[in-house]
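So the structure is just underneath, and the comments pick up after that.
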Amino acid sequence: MKNVKKYYLLFALGALVLSSCSLSKSESPATLKDAYKDKFHIGTALNAWQITGRDTAGIEVIKNQFSAIVAENCMKSGPIHPKEDEYNFDLPDQFVEFGVENNKFITGHCLIWHSQAPRWFFTDDEGNDVSREVMIERMKSHIYTVVGRYKGRIKGWDVVNEAIMEDGSMRNSKFRQIVGDDFIKLAFQFAHEADPDAELYYNDYNEWYPGKRDAIVQMVRDLKAEGIRIDGIGMQGHVGMDSPSLEEYEAAIEAYANEGMKVMVTELDMSILPNRRRDVGADIATSFEYQQSLNPYTEGVPVEKMNEWDERMLDFFRLFLKHSDAVTRVTLWGVSDATSWKNNFPIRGRTDYPLLFDRENQPKSIVPKLINEANNWDTK
């Protein structure tokens, strides 16, 4: 009898321990990547300090909170291919290795972009524009080399970036001037040849403007009609407190999804600061003179304003959840407010608060709200 009593006592103690462990686990805070794992990838952009491991706090946030990653700068054509016979794969290799080791969905950004391209790309030894044939060959060599190096590890590529203006016209970039409008088709063709299994995307800002939206839709139709692979549209998502409206953004999501495109929000941040123009977007050539009135939160954001920011960000995520049958990834353009490019764009020297984690890499009040929204979405 004593042995039986001892057995039941041990059993009860074991059950209590298991119950306590289970309770502790259920009460532990969820992460963004866990909350959204059945909805869409949630990602972030990595800077050089994070890629090299020097930003240890940022790295922990990336590992714990995000399921997808993209490189903020090091894979753009200027940094990765500074000279015709020279590639700089040091940071890109570390970035891809980090993604593979930590089981992240890796996106390559970006192959063809008019900005941050090396000067040699467009000119001969005498500084004159190269011929169409030479430009096409340089595009092909660049894409084959970069995409081929990471074949099978990078799952999707921003093939062409920002080629269309807000009114729907083509940006008169050097690629267009030298090659013609078909530089887009050729870029997608070369990327597919370099890695037939990789997803291929077109990426742009102010992607909700009706003129640009309709032109992107037509571009998709034209590419598909010619048998060129295109899998998705990257909506950068550099938004503000006043624009775009949720209705404008939803119309763009629906337009792209109706063409059979995967929809990705690729560079999401939401500036809390006032802007001088509604159409600033993400054209890095844009710059305005500093004014103190446009930098009102140098010592922190008032609670009521932060709550307003939270609600608008939450509204965007509700929209993404509503369209999670089409939205496959939502990527924040940076980890914390401290390193966000919005502190210097479009006005240098401002203090902005556009991301989900604060300057100390701590989750802001929006993070548990986003987690709760995802966890409870299916019950609504």
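The values are calculated or read from the model by the stated rules, or taken from the named source; none is laboratory data. For clarity, every value in this text was computed on a predicted model and none was experimentally measured. Because the Cβ atoms are built from the backbone with ideal geometry, glycine has one as well, and the counts that use them run over all protein chains shown. Side chains are part of the model used for accessible areas, which takes the heavy atoms of the whole protein and leaves out ligands, DNA and RNA. Shrake-Rupley method; radii C 1.70, N 1.55, O 1.52, S 1.80 Å.
In this structure, is K37 assigned to a helix (DSSP H, G or I) and open to solvent by 50 Å² or more (accessible area, probe 1.4 Å)?
no
Looking at the stretch 358-373, which of its residues are open to solvent by less than 20 Å² (accessible area, probe 1.4 Å) and either part of a loop (DSSP other than H, G, I, E, B) or touching a Phe, Trp or Tyr at 6+ places or on another chain (Cβ under 7 Å) (or both)?
Within the stretch 358-373, L370, E373 qualify.
Collect the residues in the stretch 183-198 that are part of a helix (DSSP H, G or I) and either aliphatic (A, V, I, L, M) or touching a helix residue (DSSP H, G or I) at 6+ places or on another chain (Cβ under 8 Å) (or both), keeping them in residue-number order.
F183, I184, K185, L186, A187, F188, F190, A191, E193, A194
For the stretch 338-352, what are the residues that are out of contact with any strand residue (DSSP E or B) (no Cβ under 7 Å at 6 or more places or on another chain) and either among the polar types (S, T, N, Q) or under 14 Å from E72 (Cβ atoms) (or both)?
Scanning the stretch 338-352 gives A338, T339, W341, N343, N344, F345, T351.
So which pairs qualify, if the first residue must be in the stretch 243-267 and buried (at least 23 other Cβ atoms within 10 Å of the Cβ), the second must be in a helix (DSSP H, G or I) and of a type in the set (G, A, S), the Cβ gap must be under 7 Å, and the two must be at least 6 apart or on different chains?
As it stands, the answer is V263/A257, since those pairs meet every condition given.
Considering only the stretch 42-74, how many residues are charged (D, E, K, R) and either assigned to a loop (DSSP other than H, G, I, E, B) or open to solvent by less than 30 Å² (accessible area, probe 1.4 Å) (or both)?
The total comes to 3.
Filter the stretch 322-350 down to residues that are at pLDDT 95 or above, part of a loop (DSSP other than H, G, I, E, B) and touching a Ser or Thr at 6+ places or on another chain (Cβ under 6 Å), then give me how many there are.
Matching residues across the stretch 322-350 total 2.
What is the residue count in the stretch 103-134 for residues that are touching a residue at least 40 places away in the same chain (Cβ under 8 Å), under 31 Å from the mean Cα position of the chain (by Cα) and open to solvent by 50 Å² or more (accessible area, probe 1.4 Å)?
2
What's the number of the only condition in (1) free of Cβ contacts under 8 Å to residues at least 40 places away in the same chain; (2) out of contact with any helix residue (DSSP H, G or I) (no Cβ under 7 Å at 6 or more places or on another chain) that Y201 fails to meet?
If we test Y201 against (1) free of Cβ contacts under 8 Å to residues at least 40 places away in the same chain; (2) out of contact with any helix residue (DSSP H, G or I) (no Cβ under 7 Å at 6 or more places or on another chain), just (1) comes out false.
Tell me, please, whether a residue that is open to solvent by less than 70 Å² (accessible area, probe 1.4 Å), within 25 Å of R329 (Cα to Cα), under 34 Å from the mean Cα position of the chain (by Cα) and at pLDDT 95 or above can be found in the stretch 7-30.
No, the stretch 7-30 has no match at all.
So P302 clears everything in (1) open to solvent by less than 40 Å² (accessible area, probe 1.4 Å); (2) within 17 Å of P354 (Cα to Cα); (3) modelled with pLDDT of 85 or more; (4) out of contact with any Lys or Arg (no Cβ under 9 Å at 6 or more places or on another chain) except one condition, right? Which one?
Evaluating P302 over (1) open to solvent by less than 40 Å² (accessible area, probe 1.4 Å); (2) within 17 Å of P354 (Cα to Cα); (3) modelled with pLDDT of 85 or more; (4) out of contact with any Lys or Arg (no Cβ under 9 Å at 6 or more places or on another chain) leaves (1) as the failure.
Out of the residues in the stretch 209-242 that are closer than 24 Å to E308 by Cβ and outside any loop (DSSP other than H, G, I, E, B), which is most open to solvent (accessible area, probe 1.4 Å)?
So the residue we want is H238.
Going by the conditions given, is L355 buried (at least 16 other Cβ atoms within 10 Å of the Cβ), hydrophobic (A, V, I, L, M, F, W, C) and in contact with a strand residue (DSSP E or B) (Cβ under 8 Å, 6 or more places away or on another chain)?
The answer is yes for L355.
Which count do you get for residues in the stretch 327-352 that are crowded, with 19+ Cβ neighbours inside 10 Å, aliphatic (A, V, I, L, M) and over 16 Å from L268 (Cβ atoms)?
Residues in the stretch 327-352 being crowded, with 19+ Cβ neighbours inside 10 Å, aliphatic (A, V, I, L, M) and over 16 Å from L268 (Cβ atoms): 1 in total.
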